[in-house]
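FYI, it's all coordinate maths here, none of it is from the lab. Because the structure is a prediction, the values reported are computed rather than measured. Cβ sites come from the backbone with ideal geometry, for glycine too, and all protein chains shown count toward neighbours.
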Amino acid sequence: MRVCIVGSGGREHALAAALSATAEVVVAPGNPGMAGLACSDVPPEWIDADLWVIGPEQPLVEGLADRIRGRGRLVFGPGADGARLEGSKVWMKEVLAAARVPTAESRVFDELEPALRYLRATSGPWAIKTDGLAAGKGVLVTGTREEARRDVEAKLSGKAFGDAGRRILIEEALSGQEISVIAVCDGRQAYPLDCAQDYKRVGNGGTGPNTGGMGAYSPVPFASSEIVGQVMERAILPTLHALSKRAINYRGALYAGVMLTEDGLKILEFNVRFGDPETQVLLPRWDGDVTATLFAAASGALTDDHAARFSAPAAVCVVLASPGYPDKPETGAPIEGIDEARAVPGAHVYAAGVATGPDGRLVTAGGRVLNVVGTGADLAGARRLAYRAATMVRWPGMVSRSDIADIAGTAGTDGGSS
Ligand code: AMP
Ligand code: GLY
């Protein structure tokens, strides 16, 4: 079987590595750090394949899956209709309300004055969100009214995120531990992967701005299979049902960002794809034929045999980012030590924002540059390995968090608790 994986980041690198076990894989466009994998600059719909797996949200929201399906081909990834769950947070909230899925209270604003009035009338803390896509950076969580006001003004004026930000939601900020539960869906059925937790803030201890994700680990010691079952029963399955009532046949990954609050679980967000960097820690633990599962989902034919099993070993991913990320990443620095890091047994280095420099060596070319993953018998071992491999990689000003998976058996990340 030939599979075309669409995208160019660490998530697509991890997908390509996993699917290569049972398929011939081409990544479109991929990146020059995807050692040993076939990459192609040809538009993905022109590539000949039996299955397309679309990694990022943007092409899903823009209808790439529809265009490929329109030619009678199989795609793992929702059409533009289902992708609105991520493309419009306002629409997502409507679907959640219709499906009675527990979520944070929120209000929608298109104009400044009513939004500011609302801020004055409420006590916070607030989560202020752009309606449209913002590469994981469109949310500010704050308890400070002045900061909230500035953010609302920047978003509604279009200064912060252009048109994607001109409509906003102001939500009650929830506190608790945040987990990611991703399910593989075939339009009717859905099977969950194991839980993962990612680290959204750029700095240690959950400080600094939100990013696309600075690291992740799995399994999550405090998120039992019972919690995953609850996320399926209360959020993922009702949402799939609500979509199908709207004639949306959702085939792809559905990612629930879940806050475990004192009042039970609440959905913070849905993503219509595999998480990044969660995928980088889930796929090395996935015990089974990933290609067959995604093919069955794309065909609308998932069975219990495709329920993903996760092997006991743990995985930890440390993201290596450019200086200035997430605001203004500085790029173009030559990267050293990737081969040494890749040679560490049990470690993987997935490439994201990299390019080929003038002398043929890899240089940094984006905010999140590399994902270093360690696997091991337990989280502590996986963590040691991830950091051992990560310290072999260098470029001037490289940024990473040193507290990924530093949980010492307790619930201790910044996952939404700030
Ligand atoms: P989103 O873009 O909706 O995925 O939100 C990005 C991140 O912002 C989430 O993963 C949380 O860490 C945080 N966040 C979003 N909504 C809330 C909320 N209502 N309360 C607290 N934190 C939130
Ligand atoms: N890790 C969060 C995301 O993929 O959006």
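Quick notes
- Only DSSP H runs of four or more residues enter the estimate; each adds -39500 (n - 2.57), and after division by the residues of the chain the mean residue ellipticity at 222 nm equals -7000 deg cm²/dmol.
- Across the chain, the mean sequence separation of Cα contacts (distance under 8 Å, 6 or more residues apart), normalised by length, yields a relative contact order of 18 percent.
- Protection proxy ranking of 241-250, 72-81 - average other beta-carbon atoms within 10 Å, highest first: 72-81, 241-250
- Over the Cα atoms of region 305-386, the radius of gyration divided by the Kirkwood radius equals 1.08; this is the Rg/Rh ratio.
- All C-alpha pair distances within region 229-287, sorted into 10 Å bins from zero, spread as 20, 46, 30, 4 percent across the bins.
- Working value for region 2-145: equivalent-ellipsoid semi-axes of 38, 17, 13 Å, each the square root of 5 times a Cα gyration tensor eigenvalue, largest first.
- Placing +1 on each Lys and Arg Cβ and -1 on each Asp and Glu Cβ, with no other charges, gives the chain a dipole about its Cα centre of roughly 500 debye.
- Over region 45-84, volume per residue of the alpha carbon convex hull, in Å³: 60
- Note on the chain: antiparallel DSSP beta bridges, both residues inside, total approximately 80 percent of the bridges counted.
- Legend: distances between Cα atoms for Lys89/Lys200; Lys93/Lys159; Lys200/Lys245; Lys200/Lys328; pairs beyond 28 Å are Lys200/Lys245.
- Temperature 37 °C, viscosity 0.692 mPa s: under these conditions the Stokes-Einstein estimate for region 165-210, based on its Kirkwood radius over C-alpha pairs, is 235 µm² per second.
- Convex hull volume per residue, computed on the Cα atoms of region 285-339, equals 180 Å³.
- Separation of region 217-239 from region 43-71 is 29 Å, based on Cα centroids.
- Cβ-based net charge around Ala104, under 13 Å, with every Lys or Arg adding one and every Asp or Glu removing one: -1
- Relative to the globular-protein estimate of 2.2 N^0.38 Å, the Cα radius of gyration of region 127-278 stands at 1.09.
- Using alpha carbons only: equivalent-ellipsoid semi-axes of the chain, gyration tensor based, whole Å: 30, 26, 22
- The length gained on full extension between Asp81 and Asp263, counted as 0.36 nm times the residue separation minus their Cα-Cα distance, comes to 62.4 nm.
- Within the chain, no whole DSSP H helix has Cα atoms reaching 18 Å or more along its own axis together with a mean Kyte-Doolittle score of at least 0.5.
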